[in-house]
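Working notes for the structure below.
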Amino acid sequence: MTRDRRIRFIVPEGIDEPARVSGGNVYDRHLRDGLRRAGWDVRMSDTTGAADVEAALAAVEPGEIALIDGLVAGWAPDAVESASRATRVVVIAHMVVAAFPGATVGAIDGERRSLRDAAQVIATSTWAAAELVRRGLVNPDRIAVVEPGSRDTLGDAESELAPDLDGDLLCVGVVAPHKGQDLLLDALDGLREHDWTCTVAGSQSAAPEFAARIASAAAGFAGRVRMTGVLDETAVDAAYRRAAVLVAPSRSESFGIALADARRCGLPIIATRVGGIPDTVSGGGAILVPHDDPGALADALRSWMTDPGLRARLRAEAARLRPRAPRWRDTVARVDEILVSG
């Protein structure tokens, strides 16, 4: 292994733990595994706070690249600045903290300072890159867009397209305020006269108080809303194939891996017009509504449930767009290219 193909990859603790599954963790995990297959010596440092990040950056050896998840980089911006004087620091910006609802002043400042000192920033969507540049956090010549991939196990066979089950709704993502599951339940509350069921899949440990409120509200739908927690690969694939439509009621979203997975299996999408979602679902097969507006979401869901022509059009568009779904191998190849060229 040559010295210029060594990486110290600094990530949040638990990227392999199902209970902590998130878009950022999935991205980091695919990157770790893919870069190793591509011949990189990837040395992992799991971190839980600023002290861990400082220690990991101090352990970077001469010739190693410090590849660091943007979340943890923001915990220790002074350490990022110090490390950048001796090694090449590449930050993965999964999100734009400054655009995140409820972001603290400290988190926003940590993002600004850690991005300022990075040799290269990898943004996970075109929207995130543009937003970071617009806010003056990164110069355009230091940022590259590398979108997430989609689940290989969903495959491409026409036989795997979602069945004609008009009322089977699927919502996938960590149960947390920025994902907007409360908005979805508010919307469904006004649609009780229609025939539907809804599966809400995702970790409930990131924001336990919010998740508890969602679970309590879901119990009021007499079994029509099912909270599954984290699903394993087989179960989540089955959920996508069984669903009629993916619902993404997010308040904030840089890209949306669940949207890419829906694209991969030809599943129509109802989502909010926020962050990188419009780019992710461009080309058709989707209905976009204003964010934080349960009434607009209810109207879109009602249209889906009552308009056969709309359903047929969205399904046809989603099926046509399946080949455009991103692949994780392309994500890894692009990051590999960035690391080599730098």
Looking at Arg32, Arg20, Arg8, which one is at negative phi, in contact with an Asp or Glu (Cβ under 6 Å, 6 or more places away or on another chain) and not assigned by TED's automatic domain parsing to the domain that holds Gly202?
Arg8
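Conditions tested, residue by residue: (1) touching a Cys at 6+ places or on another chain (Cβ under 9 Å); (2) part of a loop (DSSP other than H, G, I, E, B).
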| position | (1), (2) |
| --- | --- |
| Leu231 | no, yes |
| Thr234 | no, no |
| Arg241 | yes, no |
| Leu246 | yes, no |
| Leu259 | no, no |
| Ala262 | no, no |
| Leu267 | no, yes |
| Ala271 | no, no |
Check whether at least one residue in segment 107-115 is touching a residue at least 60 places away in the same chain (Cβ under 8 Å) and out of contact with any Leu (no Cβ under 8 Å at 6 or more places or on another chain), and report yes or no.
no
Failed condition for Ala243, given (1) closer than 30 Å to Glu131 by Cα; (2) buried (at least 24 other Cβ atoms within 10 Å of the Cβ), with all others met?
(1)
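Please pick out the residue among Arg36, Arg43 that is in contact (Cβ under 8 Å) with a residue 12 or more places away in the chain and either under 21 Å from Ser114 (Cα atoms) or basic (Lys, Arg) (or both).
Being in contact (Cβ under 8 Å) with a residue 12 or more places away in the chain and either under 21 Å from Ser114 (Cα atoms) or basic (Lys, Arg) (or both) holds for just one of Arg36, Arg43, which is Arg43.
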Number of positions in segment 24-52 that are surrounded by 20 or more Cβ atoms within 10 Å (Cβ to Cβ) and over 26 Å from Ser341 (Cβ atoms):
2
What do you reckon, is Ile287 surrounded by fewer than 22 Cβ atoms within 10 Å (Cβ to Cβ), in contact with a strand residue (DSSP E or B) (Cβ under 9 Å, 6 or more places away or on another chain) and farther than 24 Å from Ala129 by Cβ?
yes
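The values are calculated or read from the model by the stated rules, or taken from the named source; none is laboratory data. None of these values were measured; they are calculated from a predicted model. Glycine gets a Cβ as well: all are built from the backbone with ideal geometry, and neighbour counts include every protein chain shown.
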